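Peer 1: This is the structure I want to talk about, given as structure tokens.
The values are calculated or read from the model by the stated rules, or taken from the named source; none is laboratory data. Just so we're clear, the structure is a prediction, and the values are computed from it rather than from any experiment. Quick reminder, even Gly has a Cβ in these numbers, built from the backbone with ideal geometry, and neighbours come from all protein chains shown.
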Amino acid sequence: MRLAVAKSSRWLTVAAAFMLGACNGGGADNDIPVTGVEVPEFRAVDTKMREVLQKLDIPGASITVAKDGRILYQRGFGWADRATGQAVQPQTLFRVASVSKAMTAVAVLRAFEAELPTALERPVFGAGGLLSGPRYAQVKDSRVLKITLRDLLQHTGGWDRDNPDYDPQYDLVAIARAMNVPAPAGAVDVIEYMLKYKDLQFEPGTRFAYSNLGYNVLGRVLEERTGLPYAEAMRRLVFAPAGVTTAVIGGDTLAQRLPGETIYYDDPRWPDVPSQTGIGSGPRSYNDYVLQTMDAHGGWVISSADMVRFADAVDGRSGVPALLTPATVRLATTPDPNLPDMHWGLGVIVTKAGWYHSGETMTGTHALLEHLDNGVTWSVVYNSLPVDPKGNDVDGVNATKAVSFAELQAVVLASVPATKR
């Protein structure tokens, strides 16, 4: 698994049992640098963040907390570059992996908003589909023609990366070879390959299976709908109206590190991997991911504060004109009633308290963005994801998130003035 996501969408609930047995790990490390303005009400969060970094051996992190659209707390912890002693700043940029999906979903909903909810049932491929052109015309499995916009948004499109264990978004050398293009394969190369040579794993619309490929397709739908490159469509539809200024599709290698971006630190227990360019090998964080190909499902680099600004702009909580109408927000945050035990809306995981999305790239980063009905929105991003390579990937990710997300969330909510818990 390269881009991990918990099979249970209820990590906040599942993690509760883990939290009961958690210890302080020896207390906070006073040598961990902290940047940004100290806020007395959030001193417990300061302490908890130091504890998380020490307990999990994560070099650095950034966290932002807002209430009713106003940022109350924004700090950096630890190291953006251990070798040079560069500390994480509140505005440091991080890869946010699958949190990108929530951003893509909002852009797609905004692009089709005048035709919702009917547009959700429009087919994506085939005659009259949302994607036209010869590269989408050759289809091995005719069930592909049943995939709708809704299916892509809620991960019911028929692709299951766990059965078999295959995610084409990380098989870019082999796909490039099959498509007779230079490695790494691009986003459209991956889609064309899957349509021409692979079957679906289930009938579209009948069950949930988390799909990076589905969000790759959504990125191309957004491009065709707007006539713009994906990143520019995102800027115009989402980021500029939300007041987000730091969002950019990231680079793949350490040499392509952006100004103000952290370095990513793989869990040292994991071996090097072959490069997606087909040449050489190295740490997973800088060899296993091609963010241009991952753009719509996992390519964004952004500050923790701009993650919060994005979320609070969706419904206008931040004071900017809402990105989506109240009706569209309800649509996006209502799980499909036709699917039992469905916790996904359209691009977000829905809870009784609000919505969220997390993101992980094995093993160099993990991130969380949560938008709660009580007025709290918060985000946290880390530059490492400790996971034992000898165990189950999903269990390992969930064990880490029980500390880095769930334990931290309890402290955050207890620190926000007048928060209903």
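To keep it simple, each residue is scored yes or no on (1) surrounded by 21 or more Cβ atoms within 10 Å (Cβ to Cβ); (2) farther than 21 Å from Val381 by Cβ; (3) in contact with a Cys (Cβ under 7 Å, 6 or more places away or on another chain); (4) modelled with pLDDT of 95 or more.
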| position | (1), (2), (3), (4) |
| --- | --- |
| Gly21 | no, yes, no, no |
| Gly27 | no, yes, no, no |
| Asn30 | no, yes, no, no |
| Val34 | no, no, no, yes |
| Val45 | yes, no, no, yes |
| Glu51 | yes, no, no, yes |
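Peer 1: OK, next. Residues to consider are Gln74, Gln86; find the one that is more than 21 Å from the chain's Cα centre (by Cα) and either modelled with pLDDT of 95 or more or surrounded by fewer than 20 Cβ atoms within 10 Å (Cβ to Cβ) (or both). So that I can check it myself, show each step before the final result.
Peer 2: Values: Gln74 fails: more than 21 Å from the chain's Cα centre (by Cα).
Answer to the check: Gln86.
Peer 1: Still on this structure, I have one more. Give the number of residues within the stretch 325-335 that are in contact with a helix residue (DSSP H, G or I) (Cβ under 8 Å, 6 or more places away or on another chain) and either at pLDDT below 95 or under 21 Å from Lys67 (Cβ atoms) (or both).
Peer 2: 1
Peer 1: Quick check, is Val108 under 21 Å from Gly347 (Cβ atoms), in contact (Cβ under 8 Å) with a residue 40 or more places away in the chain and of a type in the set (A, V, I, L, M, F, W, C)? Spell out how you get there, then give the answer.
Peer 2: Working: under 21 Å from Gly347 (Cβ atoms): yes; in contact (Cβ under 8 Å) with a residue 40 or more places away in the chain: yes; of a type in the set (A, V, I, L, M, F, W, C): yes.
In short, yes.
Residues are listed down the side, and each one gets a yes or a no for (1) more than 18 Å from Ala183 (Cα to Cα); (2) part of a loop (DSSP other than H, G, I, E, B):
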| site | (1), (2) |
| --- | --- |
| Leu222 | yes, no |
| Val244 | yes, yes |
| Asp252 | no, yes |
| Ile263 | yes, yes |
| Pro268 | yes, yes |
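Peer 1: With respect to the numbered conditions (1) surrounded by 17 or more Cβ atoms within 10 Å (Cβ to Cβ); (2) within 19 Å of Val348 (Cα to Cα), which one is the sole condition not fulfilled by Leu130?
Peer 2: Leu130 satisfies all of (1) surrounded by 17 or more Cβ atoms within 10 Å (Cβ to Cβ); (2) within 19 Å of Val348 (Cα to Cα) except (2).
Peer 1: Within the stretch 184-198, track down each residue that is part of a loop (DSSP other than H, G, I, E, B) and within 21 Å of Pro229 (Cα to Cα).
Peer 2: Pro184, Ala185, Gly186
Peer 1: Anything in the stretch 364-405 that is modelled with pLDDT under 95, farther than 21 Å from Ser303 by Cβ and either of a type in the set (Gly, Ala, Ser) or surrounded by fewer than 20 Cβ atoms within 10 Å (Cβ to Cβ) (or both)? List them, or say none.
Peer 2: Asp388, Pro389, Lys390, Gly391, Asn392, Asp393, Val394, Asp395, Gly396, Ala399, Ala402
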